[in-house]
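Structure first, then comments.
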Amino acid sequence: MKITRDEARRIADLAHLEFDDAALERMAAEMTKILTYIDQLREVDDAGKIAGATLSETPMRDDEVKPGVSRDDVARNAPAWRDGYFIVPKVIGE
Amino acid sequence: MSDPLSLPFTEARRQLSAREYVGASLRAIGEHNAKLNAFIHVAGEGAGGPLSVPIAIKDNIVTRDMPTTCGSQILAKFVSPFEATAVSRLRAAGWSIVGKTNLDEFAMGSSTEHSAFGPVRNPWNTARVAGGSSGGSAAAVAARMVPAALGSETGGSVRQPAAFCGVVGLKPTYGRVSRSGLVAFASGLDQIGIITKTVRECAELLGVIGGHDPLDSTSSAQAVDDYGADVDRGVRGLRFGVVSEAVEKLEGEVRTNFDAALEILRRGGAVVEPASVPTIGHAIAIYYIVANAEASANLARFDGVRYGHRSARGKTLRDLYFDSRGEGFGAEVKRRIMLGTFALSSGYYEAYYGRAQAVRARLRADFDAAFQRFDFLLTPTTPEVAFPIGAKTDDPLSMYLSDIFTAPANLVGIPALAVPSGFSREGLPLSLQIMAPHFAERALFRAAAFFEKETNYWRRAPKL
């Protein structure tokens, strides 16, 4: 699978990652090499089923309210915080 | 008395007080860490409770009293508001957390060179990698800085560095150990693992950290076993399958060492015969789609808003996302997010993600069939010994292929253990991998303990 520079830019946009032109070129080349290796999977016969790592179904739990983490601890890790809110750049009118 | 850190903790804790034991560990860390770079944070004196045995924790497992960086700039200052279940269980059992170990950023790597805090060096030869991504944990145990460490596995990140550093590494069955507080890489594959010098220590620790946890719905309700109960029973009559498709191309010292390991099991009365897992050669291709797809979703949470690095550059919300992630993530993490985003994107989802999951089902069926005939499956843990620092950093695919024998166990969810099997002519460790069916850890420890007793490689320590 060949990844062009334009394709790499489209994926970077989906992934919210910024690359300069040289880095994007390098990324496209590396992805091409890795995906070419991965293309071996096309040759395998499969039963059309999919599998996970567990034997059993994941159980459901009751939807109960429980104590969360403390607001002070959350505030301590926040890059910008005021009056109990995360501060972000203005969104409206962008 | 000899150095307490050269003994298994099962013996050392009987010979010295908690304070002496933790003090000895902190001194050893102080002495060797500048050379090995195994630790990102070290606890202060007085860490731990009255029953303390020192243990190190990989720095992608959250602790309240020390930062959790995941080896990334994006979490360089992060201190978790809660503690991982495995860590809480250790503390409740009297263990003392003496430090957080270095890792490939977000556990993405096989050499611990992809860490924002610099590479870990192999205690047996400091020009070599320690393996990864739990390279700090493996190096710390091998260098006798701590008797035990927790690591994490997504495709071999405990077993491969354990092999490169000459120590025991366990990846438990998926669901055996709670993932609560293990920073998510690929949630359907991730599992906390254990690194120790000996098999018996590893078995005891699994009993401490294993078991159901309401905070992780994928943790199993299956009862915690008496994991060390059978370690003295030997292997007579047990059936070991040698995975033909994996070992047919082995050569050189890895081949001779592996063949010698098979002979040791045969001499113990085990049945050792060829086994077939036809799709095992596709494991890395499957892994790099499934793991990266999950990673691209999991790492979307790092956006510079709620915690972690925020870029000072941009003016808009879009800039904030792109610049914070661009500055915070390293090259390998970006590469994996890109591959995962591609595999899940419109137009490619069926051909890549769907295809990988379908071949994974075949792999699972192949393992199930092999375990109808055998109690265990065997391969070397790695296709080669620890490689020189820098040898693979420019070739991501060749780095990925160093997990070729370990990734299958993660994809099918089974437990697997790396046990030291000798040394190369250059003095670098070699390792045997034993895989067992889901939740057969007790049997796995039995087989590995026999091999360990016959070989005693764990007694050899690196000269630092």
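The values are calculated or read from the model by the stated rules, or taken from the named source; none is laboratory data. All figures in this text were calculated on a predicted structure; none of them were measured in a lab. Every residue, glycine among them, receives a Cβ derived from its backbone with ideal geometry; neighbour counts consider all protein chains shown.
Checked against (1) over 25 Å from B:LEU428 (Cβ atoms); (2) surrounded by fewer than 18 Cβ atoms within 10 Å (Cβ to Cβ); (3) under 22 Å from the mean Cα position of the chain (by Cα), B:PRO388 passes all but a single condition, namely (1). Checking the stated criteria, B:GLY118 turns out not to satisfy the condition of being within 15 Å of the chain's Cα centre (by Cα) and either crowded, with 24+ Cβ neighbours inside 10 Å or in contact (Cβ under 8 Å) with a residue 24 or more places away in the chain (or both). Note on the range B:415-443: residues that are over 23 Å from B:GLU384 (Cα atoms) and touching a Pro at 6+ places or on another chain (Cβ under 9 Å) total 6. Taken together, A:ASP39, A:ASP20 contain a single residue that is modelled with pLDDT of 90 or more, charged (D, E, K, R) and exposed (fewer than 10 other Cβ atoms within 10 Å of the Cβ), which is A:ASP20.
Within the option set B:PHE423, B:PHE445, B:PHE450, being surrounded by fewer than 22 Cβ atoms within 10 Å (Cβ to Cβ), hydrophobic (A, V, I, L, M, F, W, C) and either within 22 Å of B:ARG233 (Cα to Cα) or at pLDDT 95 or above (or both) holds for one residue only, B:PHE423.
Please go through the range A:1-48 and pick out each residue that is more than 8 Å from chain B (Cβ to nearest Cβ), of a type in the set (Val, Ile, Thr) and not in a helix (DSSP H, G or I). Across the range A:1-48, the qualifying residue is only A:THR4.
Quick one: would you say B:THR382 is of a type outside the set (A, V, I, L, M) and surrounded by fewer than 18 Cβ atoms within 10 Å (Cβ to Cβ)? Judged against the criteria, B:THR382 is not a match. Checking each residue in the range B:335-365 for being more than 11 Å from chain A (Cβ to nearest Cβ) and of a type in the set (D, E, K, R) picks out only B:GLU350. The set of residues from the range B:306-322 being within 7 Å of chain A (Cβ to nearest Cβ) and more than 20 Å from A:ALA75 (Cβ to Cβ) comprises B:LYS315, B:THR316, B:LEU317, B:TYR321, B:PHE322.
Do we have any residue at all in the range B:354-364 that's at pLDDT below 95, surrounded by fewer than 22 Cβ atoms within 10 Å (Cβ to Cβ), over 23 Å from B:GLU113 (Cα atoms) and of a type in the set (S, T, N, Q)? Yes, the conditions are met somewhere in the range B:354-364.
Within the range B:286-310, can you find the residues that are touching a residue at least 40 places away in the same chain (Cβ under 8 Å), small (Gly, Ala, Ser) and surrounded by fewer than 22 Cβ atoms within 10 Å (Cβ to Cβ)? Across the range B:286-310, the qualifying residue is only B:ALA297. Looking across B:SER96, B:SER111, one residue alone is at pLDDT 95 or above and not basic (Lys, Arg). It is B:SER111. Considering (1) more than 16 Å from the chain's Cα centre (by Cα); (2) at pLDDT 95 or above, the lone condition that B:GLN433 does not fulfil carries the number (1). Against the condition crowded, with 22+ Cβ neighbours inside 10 Å and under 20 Å from B:GLU204 (Cα atoms), how does B:PHE9 come out, does it pass? Yes, satisfied. Taking the range B:214-237 as the search range and keeping residues that are within 14 Å of chain A (Cβ to nearest Cβ), more than 21 Å from the chain's Cα centre (by Cα) and in contact (Cβ under 8 Å) with a residue 40 or more places away in the chain, which one is nearest to B:THR173 (Cα to Cα)? Of everything passing the filter in the range B:214-237, B:GLN222 is nearest to B:THR173 (Cα to Cα). Within the range B:197-250, being among the β-branched types (Val, Ile, Thr) and in a helix (DSSP H, G or I) holds for B:VAL199, B:VAL208, B:ILE209, B:VAL247. Kindly indicate which of B:VAL87, B:VAL141, B:VAL62 is touching a Pro at 6+ places or on another chain (Cβ under 8 Å) and either of a type in the set (A, V, I, L, M) or in the same structural domain as B:ALA38 (by TED's automatic domain parsing) (or both). Step by step, each of B:VAL87, B:VAL141, B:VAL62 is checked, and only B:VAL141 is touching a Pro at 6+ places or on another chain (Cβ under 8 Å) and either of a type in the set (A, V, I, L, M) or in the same structural domain as B:ALA38 (by TED's automatic domain parsing) (or both).
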